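Here the structure is laid out as structure tokens; the discussion comes afterwards.
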Amino acid sequence: MEAILSFISQHQQMIYIVTLMVFVGIEVIGHVPAVLHTPLMSGANAIHGVVIIGAIIVMGQAAKDNYPALALGFLAVILGTLNVVGGFVVTDRMLEMFGGKRKSPKKEIRNPK
Amino acid sequence: MGSNLLILIYLLASITFIIGLKMLSHPARARRGNLIAAAGMAAAIAGTVFLYKDEDGNALHNYAWIFGGLLIGAIAGTVAARKVKMTAMPEMVSLFNGMGGACAALIAIVEFGHLVHNLQSVSGLTAIDTTFRDGLKQHLLIIVAGLVIGSISFAGSMVAWAKLNGKIRDFVFKGQHLFNIALLLIIFLLAVYLTGWLPAGGVSLFYIILGLSLLYGVFFVMPIGGADMPVVISLLNSFTGVAAACGGFLYNNKAMLTGGILVGAAGTLLTILMCKAMNRSLMNVLIGSFGATDKSTGGGKKEQGNYKEISLSDAAMIMNYAHKIIIVPGYGLAVAQAQHTCHELEKILEAKGVEVTYAIHPVAGRMPGHMNVLLAEADVSYDKLQEMEQANEAFPATDVVLVLGANDVVNPAAKTDPTSPIYGMPILDVELAKAVIVNKRSMKPGYAGIENNLFFRPKTSMLFGDAKKVLQDLIGELKAL
């Protein structure tokens, strides 16, 4: 019990952030139309790629002769970057189509008439 | 100066994540939102590489490795994301999500290695004073949490990816749910034992936890049916968010913490919203009423009667003389890559004075909104896409409904048969129209493995064949008329 209390008091700033972020996360996407579920999931997927920051720190702090840490850290950086870059590019590709169709359709409807 | 600047960068990055996510939930601003979040992410990465200093003020080293990894990941990620077909999008998201989970797990493994190494250089565990022990326990707790969540997310995403790819099939054994719960409980107890008591064999215990977590990830996703994969991917997505947040705790890094928790919360809500679109609860999805076990209890099997086949030229004739046609696209259309051909058919019919619209079920295709993306790719006008309620109102005034590879979303069993696994899911009432033409490859049941009575109704005629081929032939027939 005491361990839990001391954990909370030592990390109270972080715990506040966690609590508030839970509400922000729920509030922010509360009214998303079903059409956007897939792009939104993909966008959120890219955002949790922030884990790459941890990978960079792990890599950058690994001792030069600690080969397991170097190898794992390197792999972590690659995978994290894949998550971030791939995630954002895929989301952009999906949304590009949404954008494109909003303008072109109206022209197409007018032209035949 | 440098580290203060980095704090500012992390703050700005966190704000871009929130704004980006907010904008992603509005159709008109979604793309800009994505770019804003990406810009924040780029700044956070660059800031970390150049400005990060540890508690003793040491900058990072191993720059060659870092840039090498960033470069490889960026090129591979861009190529994969650019090349992937629109129909394979769900797998891709799952794959990238798995990469993120693996990244979080790897961080935990390396940090655990550091921890063990540091401890060995200090002295034996027993001699350490209690405040140090408490700090150690907390540190270890966060590492283990990141490890467990990250590896479950990784293993689960890989299974989801392979399933959507058709590489592996559903797999259930008797009592699997109990097995899963027991496995999870064991992982939890071992984690508590490891972090609370710091036992002597802690190192091997750590790797046992890793192995069990990977195993759990596999068994967690294995029994869940293909049709529910989007929900699972969304859930695993939020898991990875939480794993990233563990990293934030570990490095006292607010950008990782906010980004991770934001996705964790938003992802969980999104998962629930997706379940709601199918009118089911999350519990129901996870325990699984779809999937291999239910294939035999489709409900409609006994009623299988005769179905009516229609020839291509007849179908073309009916459509040619219709006033209003509604196309119901489904997974079959996506598989056949027929969205462009479908748009062509729409144009030819419009040129002949037929009014053509599309009825989009919220869960048509493989993921909510997937069908909209596919049709958008083929330049189908946004105004022509009708949502379910709109379409259901329009069906009575419709001459022909053309069902292209959709099955479960038009299955009347969802309304009439309480024993059906999809009972209660809102469906498109295509039967209200004057005639229904269903294109399917064969009479085999659909994605969810449920028989569909619609095919045996008197109004329905079946047009067998690959969606793309059939559409091309229809276009040919229509041109000839």
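The values are calculated or read from the model by the stated rules, or taken from the named source; none is laboratory data. The shown structure was predicted, so the numbers you read here are calculated from the model rather than taken from an experiment. Positions of Cβ are generated from backbone atoms using ideal geometry, with glycine treated the same way; all protein chains shown enter the neighbour counts.
Here are the numbers:
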| quantity | calculated |
| --- | --- |
| Single match in B:Glu377, B:Glu355, B:Glu344 (criterion: within 11 Å of chain A (Cβ to nearest Cβ) and either surrounded by fewer than 24 Cβ atoms within 10 Å (Cβ to Cβ) or of a type in the set (Asp, Glu) (or both)) | B:Glu377 |
| Test: B:Ala394 is over 16 Å from B:Ala338 (Cβ atoms) and surrounded by 19 or more Cβ atoms within 10 Å (Cβ to Cβ) | no |
| Selection count where residues are in contact (Cβ under 8 Å) with a residue 40 or more places away in the chain and either crowded, with 22+ Cβ neighbours inside 10 Å or among the charged types (D, E, K, R) (or both), scope the stretch B:159-168 | 5 |
| Candidates A:Ile17, A:Ile4, filtered to the one that is more than 7 Å from every other protein chain (Cβ to nearest Cβ) and within 21 Å of B:Ala245 (Cβ to Cβ) | A:Ile4 |
| Criterion (buried (at least 17 other Cβ atoms within 10 Å of the Cβ), modelled with pLDDT of 85 or more and over 30 Å from B:Asn58 (Cβ atoms)) met by exactly one of A:Ala34, A:Ala44 | A:Ala44 |
| Among the residues listed as B:Gly248, B:Gly217, B:Gly241, the single one being away from chain A (no Cβ under 14 Å) and crowded, with 24+ Cβ neighbours inside 10 Å | B:Gly217 |
| Residue satisfying all of: in the stretch B:269-316; at pLDDT below 75 and among the charged types (D, E, K, R); farthest from B:Met443 (Cα to Cα) among these | B:Arg280 |
| Yes/no for B:Thr78 being part of a helix (DSSP H, G or I), among the polar types (S, T, N, Q) and at the interface with chain A (Cβ under 7 Å from one of its Cβ atoms) | yes |
| Criterion: farther than 30 Å from B:His340 by Cβ and more than 8 Å from every other protein chain (Cβ to nearest Cβ) - qualifying residue of B:Gly73, B:Gly57, B:Gly68 | B:Gly57 |
| Residue match in the stretch B:88-103 (condition: of a type in the set (S, T, N, Q), at pLDDT 90 or above and within 25 Å of A:Ile29 (Cβ to Cβ)) | yes |
| The stretch B:2-28, subset within 23 Å of A:Met94 (Cβ to Cβ) and surrounded by fewer than 16 Cβ atoms within 10 Å (Cβ to Cβ), residue modelled with the highest pLDDT | B:His26 |
| Search result, residues across the stretch B:447-466 that are modelled with pLDDT under 85 and within 15 Å of B:Val410 (Cβ to Cβ) | B:Tyr447, B:Ala448, B:Ile450, B:Glu451, B:Asn452, B:Asn453, B:Leu454, B:Phe455, B:Phe456, B:Arg457, B:Lys459 |
| When residues of the stretch B:150-195 are limited to those that are modelled with pLDDT under 80 and of a type in the set (Gly, Ala, Ser), the one nearest to B:Gly225 (Cα to Cα) | B:Gly166 |
| Among residues of the stretch B:53-75, those that are among the hydrophobic types (A, V, I, L, M, F, W, C), at pLDDT below 90 and loosely packed, with under 15 Cβ neighbours inside 10 Å, counted | 2 |
| One residue from B:Gly2, B:Gly20, B:Gly47, B:Gly57 being more than 26 Å from B:Ala378 (Cβ to Cβ) and without any contact (Cβ under 8 Å) to a residue 12 or more places away in the chain | B:Gly57 |
